[in-house]
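Worksheet: the structure to be examined is printed underneath.
What follows is calculated from the coordinates using simple rules that are stated; it is not laboratory data. Note that this is a predicted model, so its numbers are computed, not measured. With ideal geometry, Cβ positions are generated from the backbone for all residues, glycine too; neighbour counts draw on all protein chains shown.
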Amino acid sequence: MKPLPCRNEELKGFSMNRQEILNRLSAFPYDRGGYWLVTGAAMVVYGIREQAADIDLGCSTEMADLLEAEGCPYERTPDGKRWFRFGDSIEIFEGWLKDSVQVIDGFQAVSLKGLMEMKRELGREKDLKDIELIESYMRR
């Protein structure tokens, strides 16, 4: 998946710590089995980074269908998948998963291996720095 333009410009300078992310996910009104944490928020929940500017989630096609049926606004990614924005801090990407998921504090998150694959695909400077952080975390 190629990086998309930032849709959360209003969140620049805003960030959430681990507990704030878990609180927002606890209030997220969908079945936890239908989505998983990816990118920066996953890194925060794993304890690799202290904060994230938003919460990016991958989701199943079934959950994407439900979001669409409920009127959640979305756009299409270059590969034709749906990209939803939920509230002011959650973005949801249909089918975005590498490797597998792990359950952390009751929430699914992409595996560390999958997280590194995603970051490599994105390939931005910040993603390359995140890969270094993930590798350092895995060596502990």
What residues qualify as long-range amide H neighbours of Arg49, i.e. H under 5 Å apart, gap of 5 or more or another chain, H built at 1.01 Å from N? Val44
HN-Hα J in Hz across the range 28-37 - Karplus 6.51, -1.76, 1.60, θ = phi - 60°, x for Gly and Pro: 5, x, 10, 4, 4, x, x, 8, 8, 6
Mean shadow of the chain, computed from the convex hull of its alpha carbons, in nm²? 7.9
Among Val110, Cys72, Ile90, which residue has its Cα furthest toward the positive end of the charge dipole of the chain, with +1 on Lys/Arg Cβ and -1 on Asp/Glu Cβ? Val110
Order of 65-76, 86-97, 113-124 by packing, highest average Cβ count within 10 Å first? 86-97, 113-124, 65-76
Ranking Ile55, Ala41, Leu25 by how far each Cα lies towards the positive end of the charge dipole of the range 14-139 (+1 on Lys and Arg Cβ, -1 on Asp and Glu Cβ), the top one is Ala41
Karplus-derived 3J(HN,Hα) from phi for the range 104-110 (6.51 cos²θ - 1.76 cosθ + 1.60, θ = phi - 60°), whole Hz, x at Gly and Pro, runs 10, 6, x, 10, 7, 9, 4
With +1 at each Lys and Arg Cβ and -1 at each Asp and Glu Cβ, the charge dipole magnitude of the chain around its Cα centre, to the nearest 20 debye, comes out at 460
In what order do Trp36, Trp83 fall by count of nearby beta-carbon atoms within 10 Å, going from fewest to most? Trp83, Trp36
The answer for Ile104, listing residues at least 5 apart or on another chain whose modeled amide H is closer than 5 Å to its amide H, is Ala109
Cut-off under 20 Å on the C-alpha distance; same-chain residues fewer than 8 positions from Lys126 excluded. Which aspartates and glutamates are left, in chain and number order? Glu9, Glu10, Glu50, Asp54, Asp56, Glu91, Glu117, Glu135
